[in-house]
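So the structure is just underneath, and the comments pick up after that.
Derivation of every value follows stated rules applied to the coordinates shown; laboratory data play no part. Note that the structure is predicted; figures quoted are calculated from it, not measured. Please note: Cβ atoms are built from the backbone with ideal geometry, for glycine as well, and neighbour counts cover all protein chains shown.
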Ligand code: FAD
């Protein structure tokens, strides 16, 4: 892993850096580029604009690594409130929610995370929308896939996320490529040991393509989450090869990243979903985005020192 990336991911766990970022007014403007706001109202406003522009949305109420039952419950309540709002605003048909199991109690007890995720899935079903379970660091992969298998018994449309940087992921893609399955394929955003993950970017990209082939050749609904222009063009070529019509798979990108490309793909008839994070716990998310791209980091650091 690039040393700058390692450093920024470490800063993500540092309280002094966290306080500095949270209190620097200009930095908050930079945060707004990647995060829709701190409230459900702000998230709904951003969602409306994206949906009016022909894009679908997946909303993420920010938060992770909860070791407090009350906080896990608060996260569930935030999702229930959000789902109500999306339904009331007529947006549910174009949106879904993304849920991190670590935010709803996975570190405390897998059963608690399963129960909480199930409550969110039941509410999503009532509102006419769907849920995808985000994937976190590799120590949680087995647990997340177990919870996924459980919730899919009642809600078979619940989506999974698989990370191309993990050596295990091609097997997981094959296992989850059947009819009814929804799989988001991303490169992976955490600092992982080399024993479990490819360290070399080229190897990650190669594995992404192998995994994309496995998903496109199956009967499920693949969701390709990447901003990488090379991968986007490989996927569109592979989709043709596998006779996949636009709409039988989708592209996903993060809010604030390559918005012109999001619109270009949508205008060309592709299904495109934008991942929109919101909530007060934006810090860890922001650090992962900065770690991915030195240009973002330089821009952000300049805003912290006010130049
Ligand atoms: P990168 O290797 O970061 O970038 C490749 C190329 O994309 C760059 O060289 C550049 O050309 C272009 N690019 C990237 N960023 C920019 C930018 N800001 N501006 C202009 N061009 C840019 N990770 C997880 O671990 N778990 C998850 O559940 C998860 N969910 C995700 C959901 C969505 C919808 C998306 C898009 C990503 C998700 N990720 C998740 C993050 C993902 O794993 C990567 O860390 C992240 O997407 C960066 O990888 P990339 O494929 O965009 O390629």
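Overview of values
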| item | result |
| --- | --- |
| Of all DSSP beta bridges in the chain, antiparallel share, percent nearest 5 | 5 |
| The chain - Kirkwood radius from inverse mean 1/r over Cα pairs (Å) | 19.6 |
| Stretch gain in nm, segment residue 170-residue 233, where the contour uses 0.36 nm per residue and the Cα spacing is subtracted | 20.6 nm |
| Alpha carbon centroid spacing (whole Å) that separates the range 120-181 from the range 46-80 | 17 |
| Gain on full stretching of the segment that runs from residue 39 to residue 150 - 0.36 nm per residue minus C-alpha separation | 36.9 nm |
| Burial ranking of peptide ranges 190-201, 84-95 (average Cβ count within 10 Å, highest at the top) | 84-95, 190-201 |
| Paramagnetic reach from residue 126 (point 7 Å along Cα→Cβ, amide N under 15 Å) across the range 64-94 | 76-88 |
| Part-to-part distance (alpha-carbon centres) for the range 182-214 and the range 224-242, which is given in Å | 15 |
| Inter-probe distance in nm under a simple model that places probes 7 Å from Cα toward Cβ, at residue 80 and residue 119 | 0.5 |
| Extension reserve of the residue 52-residue 70 stretch, reckoned as 0.36 nm per residue once the Cα distance is removed | 2.9 nm |
